[in-house]
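Have a look at the structure below, then the notes.
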Amino acid sequence: RLNLQSFLPACAIIDTARFHDATKARNVCANLQAGEIVLFDKAYLDFLHLSELTDRGVYWVSRAKQNMQYRVVERRKTGSHGQVLRDEIIELQSYNTSFFYPQQLRRVVALVEVQGKDVEMAFLTNQLDWSAWTVAELYRARWDIEVFFKEIKQTLQLSDFLGHNANAVQWQIWIGLVVHLILRYLAFLSNW
């Protein structure tokens, strides 16, 4: 969980890769309050969890999976921003997804710059009132988290571990994260 004022994480879970990311999303989102926003990669698409977040008043934005089955209920105007290609209200069609998420969703398709090239991406959200461009921009902001992870790996050189059992690796990651956060916090204070 990232504090958008300081860009410092408020929560981190460090675990082995034996669990799918979607199972950890519940832990990360457990304390989210109504009105807060969560940004997911499509690996976290668990429609039961997303429905629970919606019921709690938590807004979310995620990439849509390409094979997702849905029916367009309403086509909206894309607005003045040329990067937005489609803005639709949809209902999920496959039995499993529609059972777990019976509410309507919003699907926004936009051109997003990736490595200097415009790439078409589809986004899902439970927020029906924001502009379509806001939905795309929120997802783009999720990349700041990826940049944060890359920064940690590069500056703290977390690719070479002193110990190789799970406990040793976790302790080294936690210590590296704490050191990095202290440095980021000091930089935040000096700019404030």
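Throughout, read-outs are computed from the coordinates displayed, never taken from laboratory work. These numbers were taken from a predicted model, which means no experiment stands behind them. Here the Cβ positions follow ideal geometry from the backbone for every residue, glycine too, while neighbour counts run over all protein chains shown.
Key figures
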item: By average C-beta atoms within 10 angstrom, highest first, the peptides 84-91, 162-169; result: 84-91, 162-169
item: Label-point separation, Trp192 to Arg56 (7 Å along Cα→Cβ), nm; result: 2.6
item: The stretch 95-192: translational diffusion in µm²/s, Stokes-Einstein, Kirkwood Rh over Cα pairs, 4 °C, 1.567 mPa s; result: 75
item: Cα centroid of the stretch 59-134 to Cα centroid of the stretch 164-192, whole Å; result: 35
item: Per residue convex hull volume, Cα atoms of the stretch 79-146, in Å³; result: 109
item: Potential extension, Val119-Trp171 segment - 0.36 nm per residue separation minus Cα distance; result: 14.9 nm
item: Order by protection proxy (mean Cβ within 10 Å, highest first), peptides 108-118, 126-136; result: 126-136, 108-118
item: Descending Cα extents along the principal axes, the stretch 26-149, whole Å; result: 37, 36, 26
item: Protection-proxy order for peptides 171-184, 36-49, each taking the mean of Cβ atoms within 10 Å per residue, highest first; result: 36-49, 171-184
item: Extension gain (nm, one decimal) between Phe148 and Arg76, 0.36 nm per residue minus Cα-Cα; result: 22.4 nm
item: Spatially proximal lysines relative to Lys153 (Cα-Cα < 24 Å; intrachain offsets below 8 disregarded); result: Lys24, Lys42
